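Down below is the structure, laid out as structure tokens.
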Amino acid sequence: MKIALILPHFYPYVGGGEKMFFDLAKGLIDEGHEVRVVARNVGEEYLGEKTVEGINIRYCKWKSMFGHPLVKTYDIEDVIRWCDIVHTSIFTTSPVVSRLARKYKKPSVLTVYETRGPKWYWCENFVIATGFYLFEQYTIRQKFDVYHAISEATKKDTEKFCRLKNVKRVYLANEMRKDAYSTDFSLRSYFGIPEDTRVVLYYGRPGKTKGIQVYEKAIENLALTDRIPKDVKLCFVLGKEPENLRREFAQLIEKKKLTESVLIRDSVKRDELCACIAQADVVVVPSLTEGFGFSALEACQIGTPLIYSDGGSLPEVAYGKCLSFENRNHKQLADILEEFFINGTDNFEDVPEKTFTYEKMFKGISDIYSEIYKEAD
């Protein structure tokens, strides 16, 4: 089959969705399919026609609004005419792709990473949340043959909040081993703390839906009641974006005099991050919403105990030594952290291992393609 992937962003842009489509493109090519990708350029280096690891990519100079590229019809129309199946993802590519797929009678798939619906109001003011809610509704409810949800939670939310049918769940893939990322990198040296210090690790973006505000309130609760032991440090490996939210979080930690227990450092390289996860005593993922939950799954696959919110898809991916708290409940999170300080992981659950392989992901999406291709004949 000839498959067109029309995407807002692609390699070398970093993100879970971009990783999924890069891996998918390579897998499809390996299976003998023809694949063409069209996406927004990443700097001047990635502009125009390129071939990356056998993938034919057209990088287009699309303008961007709030981080979402504005697709030009003439950049993608010939690729959609060429293909047997067109596949895109939320958000701004979906209206144009849907229209052109119907115009040229091409089977189409929309990948939905997450549908927040009324959850937008959890972390934005009324006006902004309403705008995001309407924008999400408009882009997801475009006409496609199949809506691909990346978790069961996303599938249910898409059906419930967007009232869509033909939503199919195919999990993303992630395969990591603790012993595959042995480096000379030391988490404790990076944070400048003694080797016998117990580390509670948070890593990733400080975005509003990532629950960093809930975590901060839990830490404050613990500090006010003197429940953080001297040999414990709450370490944050934080991305620089969103810059304003990172700055606000750092200022809040300083203002509330939590800097003795809370340490913040910049993001590190991928192999160094894996070393951080492996060397931590526990990882905390307090997300309000989560379409798939790579951070939680990475910790579980590496073998580090996990404390996580029961929001979104996190319960679907968590396994091993782990313990959940009620979404947005900072007091319960504080209690669980204190329990860990005192008893370690003695009271954590032992959840059987779960697998999220590339083989399963490729098969799931290939089955979607085969079904809609046959129906189009």
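Of note:
- Residue-averaged [θ]222 nm for the chain, counting only DSSP H segments that reach four residues, each worth -39500 (n - 2.57): -12000 deg cm²/dmol
- Estimated distance in nm for a label pair at E53 and K269, the labels positioned 7 Å out from Cα along Cα-to-Cβ: 1.8 nm
- Region 135-149-region 310-377 distance, computed between alpha-carbon centres (Å): 24 Å
- For a straight C-alpha distance cut-off of 16 angstrom, the aspartates and glutamates reachable from K230 (same-chain residues fewer than eight places away being disregarded) are E195, D196, E220, E260, D281, E338, E339.
- For region 333-377, the percent of C-alpha pairs falling in each 10 Å distance bin, counted from 0 to the bin holding the largest distance, reads 21, 21, 17, 17, 15, 8, 1.
- Long hydrophobic helices in the chain, taken as whole DSSP H segments with a C-alpha length of 20 Å or more on their own axis and mean Kyte-Doolittle hydropathy at least 1.0: 126-140.
- Among T304, L222, L245 - extreme Cα towards positive end, dipole of region 178-351, charges at beta-carbon: L245
- For E159 and E339, the FRET efficiency from 1/(1 + (r/R0)^6), where r spans their Cβ atoms and R0 equals 35 Å, is about 0.45.
- Taking other C-beta atoms within 10 angstrom as a stand-in for reagent exposure, K106, K19 fall in the order K19, K106, fewest first.
- Counting neighbouring beta carbons within 10 Å and listing from fewest to most, the residues E34, E44 come out as E44, E34.
- For region 185-312, diffusion coefficient by Stokes-Einstein and Kirkwood Rh (Cα), 4 °C, 1.567 mPa s, µm²/s: 88 µm²/s
- Judged by the mean number of other Cβ atoms found within 10 Å, the most tightly packed of the peptides 351-359, 156-164, 255-263 leads the ranking 156-164, 255-263, 351-359.
- In percent, rounded to a whole number, the relative contact order of the chain is 14, using alpha-carbon pairs under 8 Å and six or more apart.
Read-outs: derived from the displayed coordinates by stated rules, not from any lab. None of the values given here were measured: they were computed from a predicted structure. As a convention, Cβ positions derive from the backbone with ideal geometry for all residues, glycine included, and neighbour counts pool all protein chains shown.
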